[in-house]
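The values are calculated or read from the model by the stated rules, or taken from the named source; none is laboratory data. This one's a predicted model, so the numbers in the text were calculated from it and none came from an experiment. Virtual Cβ from ideal backbone geometry, glycine too; neighbours counted across all protein chains shown. Remember, those area values only see protein heavy atoms, side chains included, never the ligands or the DNA or RNA. Shrake-Rupley method; radii C 1.70, N 1.55, O 1.52, S 1.80 Å.
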Amino acid sequence: MKLSEGVEWGLHCTSVLASLPTKATLPTKALAEYHGVSETYLSKHLQALTRGGIIESVPGPRGGYRLARPATEITLLDVVEAIDGPEPAFRCTEIRQQGSCAIESSAYRLPCTIHVAMARAEKLWRNELRAQTIADIVAQLGDIVPQRVQHLAEKWLSENVRTASELGRRY
């Protein structure tokens with residue numbers, strides 16, 4: 001199984017947005033700069049996350065993105081499906097019913113064992129992603145990210161975050 005790089009970008013951006021003060025936002029440009037990725041491509045992934053109800057876009061010249069709901073309610077699977085879609089990774093085309101040894105389709109009464117095995121594995125994978133929230137990821141960062149990097153990130157956030165008062169709106 002191969003996930004798109006958009007999933008990685010989406011998970012990282014969602015984790016950054018989870019650390020913002022309430023009602024604060026970050027613009028696409030700042031998120032792209034922080035992660036060292038293309039602003040154009042990141043924008044497409046942020047739009048997918050917005051359509052998926054993961055983040056919301058605050059319009060205007062001082063707008064940006066923020067989480068649409070608490071990080072405790074956003075699972076890794078939510079982000080994966082918002083970016084890459086909900087389709088299964090494995091698609092059985094029933095090739096056992098084709099080729100030189102194929103017989104009438106009514107003879108295949110039991111499901112394809114390969115399809116069953118792949119569906120079982122995908123179910124486990126999706127359940128694991130469903131069990132992990134963005135809040136879980138953010139909570140683990142303090143344990144694995146060096147202090148120096150944490151301080152750099154905090155400084156960067158303080159310079160780039162847009163608060164509700166800066167936006168001039170009631171949120």
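The table for this structure:
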| quantity | calculated |
| --- | --- |
| Elements of type helices (runs of 4 or more DSSP H) in region 1-76, at least 2 residues being within 12 Å of the chain's Cα centre (by Cα) and not hydrophobic (A, V, I, L, M, F, W, C) | 5-18, 39-51 |
| Residue within region 100-119 that is within 24 Å of the chain's Cα centre (by Cα) and among the aliphatic types (A, V, I, L, M) present | yes |
| Restricting region 94-112 to residues that are in a helix (DSSP H, G or I) and in contact with a helix residue (DSSP H, G or I) (Cβ under 7 Å, 6 or more places away or on another chain), the residue that is least open to solvent (accessible area, probe 1.4 Å) | Q97 |
| Residue match in region 147-155 (condition: small (G, A, S), open to solvent by less than 80 Å² (accessible area, probe 1.4 Å) and under 30 Å from E87 (Cβ atoms)) | no |
| Residue in region 6-22 that is over 20 Å from L141 (Cα atoms) and among the aliphatic types (A, V, I, L, M) present | no |
| Cβ-Cβ under 7 Å pairs, at least 6 apart or on other chains, region 34-49 side over 19 Å from L77 (Cα atoms) and free of Cβ contacts under 8 Å to residues at least 12 places away in the same chain, far side surrounded by fewer than 16 Cβ atoms within 10 Å (Cβ to Cβ) and charged (D, E, K, R) | E39/K29 |
| Sole residue being touching a strand residue (DSSP E or B) at 6+ places or on another chain (Cβ under 8 Å), part of a helix (DSSP H, G or I) and open to solvent by 100 Å² or more (accessible area, probe 1.4 Å), chosen from R120, R130 | R130 |
| Any pair with Cβ under 9 angstrom, 6 or more apart, that starts in region 125-150 at a residue that is at positive phi and ends at one that is open to solvent by 70 Å² or more (accessible area, probe 1.4 Å) and not in a loop (DSSP other than H, G, I, E, B) | none |
| Unique residue being without any contact (Cβ under 8 Å) to a residue 60 or more places away in the chain, under 30 Å from V116 (Cβ atoms) and not charged (D, E, K, R) when the list is G99, G53 | G99 |
| Breaking point among (1) among the charged types (D, E, K, R); (2) surrounded by 12 or more Cβ atoms within 10 Å (Cβ to Cβ); (3) free of Cβ contacts under 8 Å to residues at least 60 places away in the same chain, for R162 | (3) |
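Matching residues to (1) surrounded by fewer than 14 Cβ atoms within 10 Å (Cβ to Cβ); (2) charged (D, E, K, R):
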position: S15; (1), (2): no, no
position: S19; (1), (2): no, no
position: K23; (1), (2): no, yes
position: S38; (1), (2): yes, no
position: V58; (1), (2): no, no
position: R62; (1), (2): no, yes
position: T75; (1), (2): no, no
position: C92; (1), (2): no, no
